[in-house]
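A short write-up of the structure that comes next.
The values are calculated or read from the model by the stated rules, or taken from the named source; none is laboratory data. All values derive from a computational prediction rather than experimental measurement. Every residue, glycine among them, receives a Cβ derived from its backbone with ideal geometry; neighbour counts consider all protein chains shown. Each accessible area value is taken on the protein alone, full model and side chains, heavy atoms only, with ligands, DNA and RNA left out. Shrake-Rupley method; radii C 1.70, N 1.55, O 1.52, S 1.80 Å.
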Amino acid sequence: MSTNSISAPPRASGRPDGISPRVRAIVAEMTLDEKLAQIVGFWEGEEGDSVAPLQGELASTGKLDDAMMHGLGHLTRVYGTNPVDPDERAAYLWKRQRSLIADTRPGIPALVHEECLTGLAAWKAATFPTPLAWGATFDHELVERMGALIGGSMHALGIHQGLAPVLDVIRDVRWGRVEECIAEDPFLVGTIGTSYVRGLQSEGVDATLKHFVGYSASRAGRNFAPVHAGRRELQDTLLIPFEMAVLDGGVHSIMHSYAEIDGLPVAADPELLTTKLRDEWGFTGVVVADYFGVAFLHLLHGVAADLGDAAAQALAAGVDIELPTGDAYLAPLKAALESGVADIAHVDRAAERALAQKERLGLLDATFDEDPPTGVDLDSPAHRAVAREIAEKSVVLVSNDGTLPLDATDDRQAVGVIGPNADTFAALFGCYSFANHVLSQRPGVELGFEAPSVLEGIREEFAGTVLAARGCGIDDDDRSGFDDAVTVALEADTAIVVVGDEAGLFGRGTVGEGCDRDDLELPGVQRDLVEAILDTGTPVVLVMLTGRPYAVSWAIERCAAVVQAFFPGEEGSGAIARVLSGRVNPSGRLPVTLPRSVGAQPYSYLHPKLGGDGEVTNLSTGPAACFGHGLSYTTFAHEDLETADAPTDGEIIAAVTVTNTGERHGEDVVQLYAHDVVGSITRPVAQLVGYHRVTLAPGESARVEFTVPTTRLAFSDRSFTRVVEPGAVELWTGTSEERFAEATLALVGDTHPVTTASARWTATRIA
């Protein structure tokens, strides 16, 4: 196997329900108050915080000492809500844990959870690229290394659970939370996301899959909007990454989504939270509520009469832990139990699962007698090296007329760096980074680590003159800076225009949670700025730092080059500068389609024939750049794709020769696609079934072999049974729209039902 091969990790094993006799005995001896305390969290926020929906209305205003009276399930975001010194906060945490052991009858420490989508979301901690950038790398092993580094930081600080990764499959790029997602393809999401799980959990920190399920398929791309996904879309697209992370990643925690699917909120749906997760997939971990999600059954969905009714429904469905606080699972649930609305058996079940998690993490035997940690390096050279590698591999060269790469050694060259994202570190980070999640509400507090802007990165990389102008803001209509920007462009040999998003929460940004869009033009007057620079005649290299793709076909047509970077993290500016200079040969590939217009949304490359262009409509759905697209400073040829017929219950073996036909060393992302020609249900025109990164010197060739389980071509038939059907299959390497090397095969034999025992991962190697 080569270093970039995709292989299935062993499935987690253990008792059928994951509950030990010790845990059953502890719960049997607990009082009702003690059981309820174990299935809730407590959040010590500050007044004015707004990092979760309806936080001000719902967050507990009580004291932690009171909340700890009978024990406590979770301590919510001890490090991640405010800029606190890690050493001081660790000492505080150890003191609280000792108190829970010494001063409560159960004597059980709390489980500590934090956000960790782009690294541990705490002050001074490394901030990695956003998940869209992970997808753009097509490198699951690199993401696993990142997960292990994040898990190591968390474990060192006494954190037990991380609220990541997000496995929502992108369905509509107007949705603000696209930047938290990995890709629009469920296989890519599944392999990358499962690898993150494996990395994080290798360090003794439980990962939490988000958001189970359907959240990303909201109507009109609005946050918290209803979802009307059919059963087939759920089974064949939206559930696939979660299935992989449970069955192949052994994930220990899952968070329900805020979604209501066809009128039924997920938090109250036992078919998803119990039948699917536990009965079919064998999941034995904990299901935690998305923040305030239990209360929302009453407040937002209107399917519960009060908070006690909401608690009863969520517990019955399978939500074990209420986060971030006990708004519903404490007094309201206790009243519901007394009135007969709720069932004590569901409380016992949830408490057993909560304590089983603590037992596995060692908390039932923990004493916290040791000194709290000090001097933990949360942004070590190892963190930065992986952050740099992900950033470099995720930059996508969308178009290039030969202007790039620029000669960074030419001291006679003048480069203009223009645009609202050119000189701000915030443009490097996503919504769930500590910088944009918390520090944006704490003006004047330092970032706590090095994160140079793109302008600073270019000044360090290029020997010539670097001129600068902001031009405009991110999302306003102020054109007063256009004249300065035009002047800089006229004085420069090349204008690098850096545009894009500002990640934020609930309307405080152009992308992020609660920051949805009703158009896909660059925010504010940024397009006008780019076109003003283009009108000068100076060659324009457009660099987009965004959390979603925008409709930029106009820019691809007019700009000398277009570079897409999805919030590339603390090392992102240097990565971009090195791509512009050619010191790094770009190898990122689009994990999501660049749309031609907002009118094509919702869109996925996984559409059937009727979803594409044709004479049946006057409107084009064709993208500006397709899923899997990305250019290099060298060229690659794919030849001699060979395959053979395969049994429906077996594997497809395919191999292709890849040659670097250019003059530069480079990396190609070899993508293998399939099309099931005739199915009992309409099939996508293209479907990613494998990928492999290969590094080649000029003139060098490699034979890349894929072993594809036929499960990759499974779908829900007319009876909603997931099957692999016999018939012809088209196979090719290239992108979702471009075929570099092609072959055909037949799946032979009977229609094969897919089960949880079926293989799901494609293995690759250099033959």
(message) Given the condition at pLDDT 95 or above, open to solvent by 20 Å² or more (accessible area, probe 1.4 Å) and closer than 21 Å to S604 by Cα, answer yes or no: does some residue in the stretch 669-676 qualify?
(response) yes
(request) State yes or no: is G230 farther than 25 Å from G690 by Cβ and open to solvent by less than 10 Å² (accessible area, probe 1.4 Å)? (result) no
(request) Quick one: which residue in A728, A767 is open to solvent by 50 Å² or more (accessible area, probe 1.4 Å), free of Cβ contacts under 8 Å to residues at least 60 places away in the same chain and farther than 25 Å from M244 by Cβ? (result) A728
(message) Quick check on this structure: which one of S701, S719, S680 is without any contact (Cβ under 8 Å) to a residue 12 or more places away in the chain and farther than 20 Å from F627 by Cβ?
(response) S719
(request) Please go through the stretch 282-301 and pick out each residue that is part of a loop (DSSP other than H, G, I, E, B) and either under 24 Å from H252 (Cα atoms) or touching a strand residue (DSSP E or B) at 6+ places or on another chain (Cβ under 7 Å) (or both). (result) G282, F283, T284, G285, A289, D290, Y291, F292, H301
(request) Could you list, in sequence order, all residues of the stretch 457-507 that are under 18 Å from C559 (Cβ atoms), small (G, A, S) and in a strand (DSSP E or B)? (result) A469, A495, G500
(request) From the list A728, A767, A743, A714, pick out the single residue that is at pLDDT below 95 and either out of contact with any Gly (no Cβ under 9 Å at 6 or more places or on another chain) or of a type outside the set (V, I, T) (or both). (result) A767
(message) Residues that are open to solvent by 10 Å² or more (accessible area, probe 1.4 Å): list the helices (runs of 4 or more DSSP H) wholly contained in the stretch 84-189 that include at least 1 such residues.
(response) 86-103, 140-156
(request) Identify the residue in the stretch 677-688 that is within 32 Å of the chain's Cα centre (by Cα) and more than 13 Å from R739 (Cβ to Cβ) and, among all such residues, is surrounded by the most Cβ atoms within 10 Å (Cβ to Cβ). (result) L688
(request) Could you list all residues from the stretch 439-491 that are within 18 Å of T127 (Cα to Cα) and among the aromatic types (F, W, Y)? (result) F449
(message) Scan the stretch 59-82 and tell me whether some residue there is in a loop (DSSP other than H, G, I, E, B), of a type in the set (S, T, N, Q) and under 26 Å from Q201 (Cα atoms).
(response) yes
(message) Go through (1) surrounded by fewer than 21 Cβ atoms within 10 Å (Cβ to Cβ); (2) under 26 Å from the mean Cα position of the chain (by Cα) for E491 and report which single condition fails.
(response) (2)
(request) Hey, can you tell me all the residues within the stretch 442-451 that are open to solvent by less than 50 Å² (accessible area, probe 1.4 Å) and either in contact with a Leu (Cβ under 9 Å, 6 or more places away or on another chain) or at positive phi (or both)? (result) L447, G448, F449, A451
(message) Quick test of your reading of the structure: T538 fulfils all but one of (1) modelled with pLDDT of 95 or more; (2) over 26 Å from G734 (Cβ atoms); (3) touching an Asp or Glu at 6+ places or on another chain (Cβ under 6 Å); (4) open to solvent by 10 Å² or more (accessible area, probe 1.4 Å). Name the failing condition by number.
(response) (3)
(message) So G537 ticks every box in (1) within 18 Å of A468 (Cα to Cα); (2) touching a residue at least 40 places away in the same chain (Cβ under 8 Å); (3) not aliphatic (A, V, I, L, M) but one. Which box is left unticked?
(response) (2)
(request) Can you work out which of the residues in the stretch 205-227 that are among the charged types (D, E, K, R) and open to solvent by less than 30 Å² (accessible area, probe 1.4 Å) is farthest from E271 (Cα to Cα)? (result) D206
(request) List every residue pair whose Cβ atoms sit under 8 Å apart, with the two residues 6 or more apart in sequence or on different chains, where the first one lies in the stretch 499-522 and is in contact (Cβ under 8 Å) with a residue 60 or more places away in the chain and the second, anywhere, is part of a strand (DSSP E or B) and among the small types (G, A, S). (result) G509/A503; V511/A503; G512/A503; C515/A503
(message) Just to check your reading of the model, which residue among A565, A555, A551, A600 is under 22 Å from V488 (Cα atoms) and not charged (D, E, K, R)?
(response) A555
(request) Identify all residues within the stretch 604-649 that are farther than 28 Å from P405 by Cα and crowded, with 17+ Cβ neighbours inside 10 Å; write none if there are none. (result) S604, Y605, L606, T621, L641, T643, A646, T648, D649
(message) Quick test of your reading of the structure: L277 fulfils all but one of (1) farther than 28 Å from R722 by Cα; (2) in a helix (DSSP H, G or I). Name the failing condition by number.
(response) (1)
(request) Search the stretch 557-580 for residues that are under 17 Å from D407 (Cα atoms) and in a strand (DSSP E or B) and pair each with any residue that is at pLDDT 95 or above and charged (D, E, K, R) when their beta-carbon atoms are under 7 Å apart and the residues are at least 6 apart or on different chains. (result) A561/D401
(message) If I go through the stretch 685-728 residue by residue, how many of them are among the hydrophobic types (A, V, I, L, M, F, W, C) and within 10 Å of Y673 (Cα to Cα)?
(response) 4
(request) Examine the stretch 553-569 for a residue that is of a type in the set (F, W, Y), surrounded by fewer than 22 Cβ atoms within 10 Å (Cβ to Cβ) and in contact with a helix residue (DSSP H, G or I) (Cβ under 8 Å, 6 or more places away or on another chain), and state whether such a residue exists. (result) yes
(message) Just the residues that are open to solvent by 30 Å² or more (accessible area, probe 1.4 Å), charged (D, E, K, R) and closer than 30 Å to V677 by Cβ, please, taken from the stretch 571-603.
(response) R596
(request) Would you mind stating whether A310 is assigned to a helix (DSSP H, G or I), closer than 28 Å to L32 by Cα, open to solvent by less than 10 Å² (accessible area, probe 1.4 Å) and aliphatic (A, V, I, L, M)? (result) yes
(message) Quick test of your reading of the structure: G507 fulfils all but one of (1) modelled with pLDDT of 95 or more; (2) under 29 Å from P595 (Cα atoms). Name the failing condition by number.
(response) (1)
